[in-house]
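Enquirer: One structure is given below, represented as structure tokens, and several questions about it will come after.
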Amino acid sequence: MTITGIISAIIIGAIIGVLGRLFARGRQRIGVLGTILVGIVAALVGTFLASLIGVKETPGVDWIELALQIGLAVLFVSAVSGRRRRALL
């Protein structure tokens with residue numbers, strides 16, 4: 001992986017993570033670094049799932065892939081935030 005690929009993954013991960021936090025219910029106790037990491041993982045898993053169902057390469061914007069990534073980010077942010085909340089109690 002090149003430095004450009006790493007920077008792109010960080011930027012896309014941050015965007016996907018922020019969108020995941022935006023759509024997640026309630027207050028999330030997760031920091032900026034956690035949001036970026038969750039976004040990166042959600043983007044990678046979402047792309048993998050899109051390739052499995054055959055919608056990774058579509059003409060124009062890949063809306064289904066993007067929806068999968070954001071949906072996974074919402075789930076992951078909620079899971080990480082819930083886990084962190086239990087650890088604090």
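Enquirer: Using a probe radius of 1.4 Å on heavy atoms only, what accessible surface per residue do you get for the stretch 1-81? Whole Å² is fine. Before the final figure, lay out each step's value.
Expert: On the way: 5130 Å² over 81 residues.
Heavy-atom SASA per residue in the stretch 1-81 reads 63 Å².
Enquirer: Another question about this same structure. Convert each backbone phi in the stretch 21-27 into a coupling constant with the Karplus relation 6.51 cos²θ - 1.76 cosθ + 1.60 (shift: θ = phi - 60°), then list the ³J(HN,Hα) values in order as whole Hz, x for Gly and Pro.
Expert: 5, 5, 8, 6, 7, x, 8
Enquirer: Still on this structure: Each label point is 7 Å from the Cα along the Cα-to-Cβ direction; what then is the distance between the points at residue 45 and residue 83, in nm?
Expert: Spacing of the two 7 Å Cα→Cβ label points: 1.0 nm.
Enquirer: If you build a Gaussian network model of the chain, linking Cα atoms that sit under 10 Å apart, which residue out of 79, 24, 42 swings the most?
Expert: Highest fluctuation of the listed residues: 79.
Enquirer: In whole percent, and with a 1.4 Å probe on the protein chains, what portion of the accessible area of the chain is carbon and sulfur? Don't skip to the answer; put the middle values down first.
Expert: Numbers: 4310 of 6100 Å².
Carbon with sulfur: 71 percent of the solvent-accessible area.
Enquirer: Which of the peptides 28-34, 50-56 is most tightly packed, and how do the rest follow, judged by the mean count of other Cβ atoms within 10 Å per residue? Provide the component values of the computation, followed by the final result.
Expert: Numbers: 28-34: 15.0, 50-56: 13.0.
Ranking the peptides 28-34, 50-56 by packing returns 28-34, 50-56.
Enquirer: Suppose the chain between residue 23 and residue 3 were pulled fully straight at 0.36 nm per residue; how much longer would it get relative to their current alpha carbon spacing?
Expert: 4.2 nm
Enquirer: Starting with the highest mean, order 58-68, 11-21 by the number of other Cβ atoms within 10 Å, averaged over the residues of each peptide. Before the final figure, lay out the partial values.
Expert: Details: 58-68: 13.1, 11-21: 20.4.
Ranking the peptides 58-68, 11-21 by packing returns 11-21, 58-68.
Enquirer: If you don't mind, there's one more thing I want to ask. Pull out a ≥ b ≥ c, the square roots of the eigenvalues of the alpha-carbon gyration tensor of the stretch 25-89, then state rounded if a/c is under 1.5, prolate if not and a/b is larger than b/c, and oblate in the remaining case.
Expert: Working: a/c = 2.99, a/b = 2.89, b/c = 1.03.
Taking the square roots of the gyration eigenvalues as a ≥ b ≥ c, the stretch 25-89 is prolate.
The values are calculated or read from the model by the stated rules, or taken from the named source; none is laboratory data. Since the model is a prediction, treat every value here as computed from it, not as a measurement. Every residue, glycine among them, receives a Cβ derived from its backbone with ideal geometry; neighbour counts consider all protein chains shown. Remember, those area values only see protein heavy atoms, side chains included, never the ligands or the DNA or RNA. Shrake-Rupley method; radii C 1.70, N 1.55, O 1.52, S 1.80 Å.
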